[in-house]
Amino acid sequence: MSMTADKSAPNSLGEGLKMLSAKWGWIVALGIVFMIAGVVALGSVVAATESAVLIVGIMMIMGGAAELFAAFSVKSWGKFAFWLLLGALYVAAGIIAILNPFAAATILTLMLGAALAVGGLLRIFLAFQMKHGSSWGWVALSGVITLLLGAMIIAQWPASSFFVLGIFLGIDLIFIGSGWLTMGLALRKRA
């Protein structure tokens, strides 16, 4: 077995960064596009919520189709019916999300609020378990903020269903964009 490397492919991290640095402008542009999309999403949170649910619906249909395909590929396995049912449920949930995105947003928002509240409580609990450590206060503060965010979402539910997912999508797009922008500018300095 030969251990020689392909000369056309980068054989070190430095060469890979050099090749990537040549494309820094495209990376900066991608970051700007993501940030603009985030601002647009925050400007129209209801439409952004609907878009987020539609994307979730499409992903559920794709995941369900993969489950169905996998079920039929192992038909002789004893759990075929369960795998088939799981795939069918994913496809059905995806179709429901696409046909009625705001009903799906209501369920997703309630689940998000509950997950944040429980996550915040667990983080607070963990912080007090590590009280002798140096960063326990930051972990506790993080838990309190997460708990409050979850409680606010639940307290305003179901009205919060029209805007929460859109706000989260907008903020996420801005952070993704700022990450790409920062990376592109750092690569520009290397170029």
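The values are calculated or read from the model by the stated rules, or taken from the named source; none is laboratory data. None of these values were measured; they are calculated from a predicted model. Cβ atoms come from the backbone with ideal geometry, glycine included; neighbour counts cover every protein chain shown.
Filtered by the rule that a residue be surrounded by 14 or more Cβ atoms within 10 Å (Cβ to Cβ) and either closer than 16 Å to A105 by Cα or acidic (D, E) (or both), the range 159-191 gives S160, S161, F162, F163, V164, L165, G166, I167, F168, L169, G170, D172.
Residues in the range 131-152 that are surrounded by 13 or more Cβ atoms within 10 Å (Cβ to Cβ) and farther than 21 Å from V164 by Cβ: W136, V139, A140, L141. For the range 42-91, a residue qualifies if it is farther than 30 Å from I171 by Cα, among the charged types (D, E, K, R) and in a helix (DSSP H, G or I), and exactly one does: E67.
Only one entry in F168, F175 is part of a helix (DSSP H, G or I), under 28 Å from W24 (Cα atoms) and at pLDDT below 90, namely F168.
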